[in-house]
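Novice: This is the structure, below, for whatever I ask next.
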Amino acid sequence: MPETVVLVHNYQRPEVQLLADHLGDSLELAMRAREVEADRIVMCGVDFMAEVVKILNPDREVVVPDPRAMCGMALRLRAEDLREFRREHPDAAVVAYVNTTAEVKAEADVMCTSANAVEVVSRLPEDEVIFVPDNNLAAWVAANVEDKEIIPFPERGCCPVHHAITLSDLRGLASRYPDADVLVHPECPPEVCRAADYVGSTSQIYEYCRERGPDRIIMGTEEGLGFRIERELGVEVIVPGHAVCPDMKVTTGEKVERVLEGRVPRALLVELDRDVMRDAEETVEEMFRITG
Ligand code: SF4
């Protein structure tokens, strides 16, 4: 049986989180993916995360427990549309959020995650930046990097789960639980981010709770992170609205167990075009270079 490591995103089902060798957000998992030495990497998340793992480990076997776990926001942006759009802005750098396909990453100059988007953009020499595909994260970056023009693309690109978290949801909960800290993900709409006590990626929200130890938080992101924070840190988590990503829940503990038993049909292997992988790798490595 090949040596296997299981990487799990914070939004996965509780039973899948309990099977993790490493649990984290996209940036943490991308960093782990660079360090692992196992022959087989099982990536429990959605398609673009497994692609990043493959891009950083082209000669290792990367397996997804269910290939139907796909991010709708990432799939909406096609590489050819980005290629055409950047022709209209020849002086702009193109920053691709990790939630993009490998083909889109191959067209971009640098990748970022929600944990480092502001840092990546602020360190670019260009004054104009095309930011794909999340308009809400682009707005968060624009609010925090004032000396650059941020051009969001595509129109209305957003995560449906985070975009559905409203200011009135947040205000309703904040008046019901006035002692709770309000922490949200930057994929939420700008007015939600502005109303929060803290805006950060899932690992940054986790760290906030670990360092400050609030009794209770109102958490504006996918509910899966709440399981981890409650279990590991004993903080009560209240989630506004119905923040559940169906794509993140496609993977079940049973499917992961099957892979761990060694049953890996070809359909579960992540395979990418070599040229796309090479160009996308430059984009991912540029992020590591810029952020040191
Ligand atoms: S939560 Fe949103 S961005 Fe994340 S996988 Fe689901 S649809 Fe994609």
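FYI, it's all coordinate maths here, none of it is from the lab. Small disclaimer: the values here were computed from a predicted structure and weren't measured. When we count neighbours, we look across all protein chains shown, and the Cβ atoms used for this are built from the backbone with ideal geometry, even at glycine.
Novice: Please work out the ratio of the alpha-carbon Rg of the range 161-238 to 2.2 N^0.38 Å and round it to two decimals.
Specialist: 0.97
Novice: On to the next question. Taking Cα pairs under 8 Å and at least six residues apart, what relative contact order does the range 161-238 come out at, in percent? Mind showing how you got there, number by number?
Specialist: Numbers: 115 pairs, mean separation 24.2, N = 78.
Once divided by the residue count of the range 161-238, the mean separation gives 31 percent.
Novice: Another question, if that's okay. Sorted by average packing, counted as other Cβ atoms within 10 angstrom per residue and highest first, what order do 48-55, 164-171, 24-31 take?
Specialist: The densest-packed peptide leads the list: 48-55, 24-31, 164-171.
Novice: In percent, how large is the relative contact order of the range 109-168, given Cα pairs closer than 8 Å and 6 or more residues apart?
Specialist: 32
Novice: Going down the list LYS54/LYS148; LYS54/LYS249; LYS54/LYS255, which pairs span over 26 Å between their C-alpha atoms? Can you show the working numbers first?
Specialist: On the way: LYS54/LYS148 32 Å; LYS54/LYS249 21 Å; LYS54/LYS255 20 Å.
Over 26 Å apart, Cα to Cα: LYS54/LYS148.
Novice: Distance in nm between label sites at ASP197 and GLU211, each 7 Å beyond Cα in the beta-carbon direction?
Specialist: 1.4
Novice: Residue separation times 0.36 nm, minus the C-alpha to C-alpha distance between ILE238 and ASP147: what's the value?
Specialist: Using 0.36 nm per residue and subtracting the Cα-Cα distance, I get 29.2 nm.
Novice: With no solvent and one point on each alpha carbon, what is the Debye value of log10 I(q)/I(0) for the chain at q = 0.08, 0.10, 0.15, 0.16 Å⁻¹?
Specialist: -0.33, -0.52, -1.16, -1.30
Novice: What is the packing order of peptides 186-199, 102-115, 268-281, taking the mean over residues of other C-beta atoms within 10 Å and listing the highest first?
Specialist: 102-115, 186-199, 268-281
Novice: For the range 34-41, take each phi angle, set θ = phi - 60°, evaluate the Karplus expression 6.51 cos²θ - 1.76 cosθ + 1.60, and give the result in whole Hz per residue in order, putting x for glycine and proline.
Specialist: 6, 9, 5, 10, 5, 6, 10, 10
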